[in-house]
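J.: There's a structure below that I have some questions on.
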Amino acid sequence: MTRPTTAFSGPELCAKSARDVIDLLRKGEVTTDDLITASMARMEQVEPVVNAVVTPCPDRARAATPAKDSALAGLPIGIKDLNAVEGVRTTFGTEGMADHVPSASDPLVLRLEERGGVVLGKTNTPEMGAGANTFNAIFGATRNPWDTRMNAAGSSGGAAVSLATGELWLSHGSDFGGSLRSPANYCGIVGLRPSPGIAGGSSAHLGFTNGGVDGPMARDVLDCALFLDAMAGFDPVWPISFPAPETSYFETARRDAGKVRIAYTPDLNGFGAVTSEIDTVLRDALDNLRLPDVTVEDHCPDLPRLDEAFRALRCLSFMGSYQVTPERITKHYKDTIKGNLTDARAMTFDDYVQAERDRATIYNTMANFFQTHDVLACPVNGLAPLPVEVEYPTEVAGRPMRDYIDWLQFAFLATVAGLPALSLPVGFTPSGMPVGLQLIGPPRGEGRLLQVAHSLEQALNLSVTLIDPIIR
């Protein structure tokens, strides 16, 4: 006996939220195979233009046997091309690994598959995840669907675009210097950088470092919370792994947020450069949030030596990875990565000790700040997307950028202090490009952060729409 054809068309399925599709899977109204078919059809439509899902694996996905009662119930998902998926080409965006096919999956991938996720493809990333413009020598550039002349940011650019265009319902990202927040901002979707240890951990050889983290990306806040639940939970494979909360992030996010206290800073006390265009969009959104239960004030705590602390943390990560990577791979690295390694070698032990003291000072300052505020709101990036051919801006709002890291300064705080941070779409520039508001929450405060973000999302009446790539 054959199963009746689904009552939903491919485009209808692609437009639905992840939670609605999971509900359909559990009711037996659609199958994973239906979703794979719909997703692959959408990829066929948009991939020639955006280049987001660079290695689809539909045969592997169709062979999966997820349980309907699992967290994701058989939902197809994307995995960034920095995380190994068994039997699927995983390149890290670098020529030395162009033909690499891992024999084992990353622990986070295993967790997501155990919880009903079905990996349908690998999403594009810059080489080794270094850089906030998604391009590499293997797959080329990922383009912004809101204007394909522009970049999609990075390093989780492929993931963000796959969501904005409706190729996937949920897509995995990772973040050190805004690598999932920036693409979420530029592509009009939601991206959450969790606290270290919430969604897995660092690589096996740097298991105790906490600068880079994995995190969920989705089209709206509730789907993002649902995906975080699928990632969360203790596992001894990660030295800094943290237990999942007793109440799921999804359930917490749905609850009434009550009184919300927001502090907004356009520039982190002059630390970050921002154009008037971006500040205007964010202030307009916040003006619309001045409701009885929402207070918004201009305020930012002092954050001394934030730049130095972030750069030291990043140098440690780069050198730690480089030292265990064979020369046959590292010899292909782009100049910006080689520059990062030069910076790392120039650091001294005293520099790293000072950076740890600086981090403690900044953390303590923020912990005190959260005694009187729920979130610190600020830009995700200080300017709108640039043409895809431009690797990074050399100036922002008239301020010269020293290197490709400088323009990402709004990402530094959450990384240095180990705080959760989320990019929430709140408006558009006059040219029609999405603008996200960064919301930084308290230590281990993912649930409250998601709850506040959902409240703001509802207050602003933000709707999820799929983008047919706009070619100009």
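J.: Express the carbon and sulfur contribution to the solvent-accessible surface of the stretch 400-472 as a percent, rounded to the nearest whole number, probe 1.4 angstrom.
T.: Carbon plus sulfur share of accessible area: 53 percent.
J.: Same structure again: Tell me, how many Å apart are the Cα centres for the stretch 161-204 and for the stretch 333-379?
T.: 20 Å
J.: Take the stretch 326-472, drop everything but the C-alpha atoms, weight them equally and run the Debye formula without solvent; then report log10 I(q)/I(0) at 0.11, 0.13, 0.16 Å⁻¹ to two decimals.
T.: These q points yield log10 I(q)/I(0) values of -0.63, -0.85, -1.14.
J.: Let me ask something else about it. Using the heavy atoms of the protein chains alone and a 1.4 angstrom probe, what is the accessible area of the chain per residue in square angstrom?
T.: With all protein chains present, the chain gives 38 Å² per residue.
J.: Still on this model: Residue 141's amide H: which non-local residues (gap 5+, or another chain) put their own amide H closer than 5 Å, with H modeled 1.01 Å from N in plane and none for Pro or chain starts?
T.: 136
J.: Over the chain, calculate the relative contact order: mean separation of alpha carbon pairs under 8 Å at least 6 apart, over the residue count, as a percent.
T.: Reported as a whole number, the value is 17 percent.
J.: Next up: Suppose a student asked you for the relative contact order of the stretch 181-296, using Cα pairs under 8 Å spaced at least 6 residues apart; what percent would you report?
T.: Reported as a whole number, the value is 20 percent.
J.: A follow-up question, please. How high is the relative contact order of the stretch 339-466? Use alpha-carbon pairs under 8 Å, at least six apart in sequence, and give a whole percent.
T.: For the stretch 339-466, the relative contact order is 25 percent.
J.: With both bridge residues required to lie in the chain, what share of the DSSP beta bridges run antiparallel, to the nearest 5%?
T.: Taking every DSSP beta bridge within the chain, about 65 percent pair in antiparallel fashion.
J.: In terms of solvent-accessible area of protein heavy atoms at a 1.4 angstrom probe, what is the ranking of 412, 176, highest value first?
T.: Ranked list, largest accessible area first: 176, 412.
J.: Excluding same-chain residues fewer than 8 positions from residue 338, which lysines have a Cα within less than 23 Å of its Cα?
T.: Leaving aside lysines fewer than 8 places away in the same chain, those within reach of residue 338 are 80.
J.: Taking θ as phi - 60°, what are the ³J(HN,Hα) couplings along the stretch 387-394 by the Karplus curve (6.51, -1.76, 1.60), each to the nearest whole Hz, with x for Gly and Pro?
T.: Result, ordered by residue: x, 4, 6, 8, 5, 7, x, 8 Hz.
J.: List, in order, the whole-Hz ³J(HN,Hα) value for each residue of the stretch 428-436 obtained from phi through the Karplus relation with A = 6.51, B = -1.76, C = 1.60 and θ = phi - 60°; use x for Gly and Pro.
T.: So the J values, rounded to whole Hz, are 9, 6, x, 7, x, 8, x, 10, x.
J.: Which of the lysines could be linked to residue 27 by a straight reach, that is with a Cα gap under 24 Å, when you skip same-chain ones fewer than 8 residues away?
T.: Residue 27 reaches 16, 68.
J.: As a check on your grasp of the helix formula, calculate [θ] at 222 nm for the chain: sum -39500 (n - 2.57) over DSSP H runs of n ≥ 4, divide by the residue count, round to the nearest 500.
T.: -10500 deg cm²/dmol
J.: For Cα Rg over 2.2 N^0.38 Å, several values are listed as [x] 0.96; [y] 0.90; [z] 1.20; flag the one computed from this structure.
T.: It is the value labelled [y].
J.: While we're looking at this one, here's another question. With no solvent and one equal point scatterer placed on each C-alpha of the stretch 34-164, evaluate the Debye formula and give log10 I(q)/I(0) for q = 0.13, 0.15, 0.16 Å⁻¹, two decimals.
T.: For the stretch 34-164, the Cα-only Debye profile gives -0.50, -0.67, -0.76.
The values are calculated or read from the model by the stated rules, or taken from the named source; none is laboratory data. Values in this document were obtained by computation on a predicted structure and should not be read as measured data. All accessible areas refer to the heavy atoms of the entire protein, side chains included, with ligands and DNA or RNA removed. Shrake-Rupley method; radii C 1.70, N 1.55, O 1.52, S 1.80 Å.
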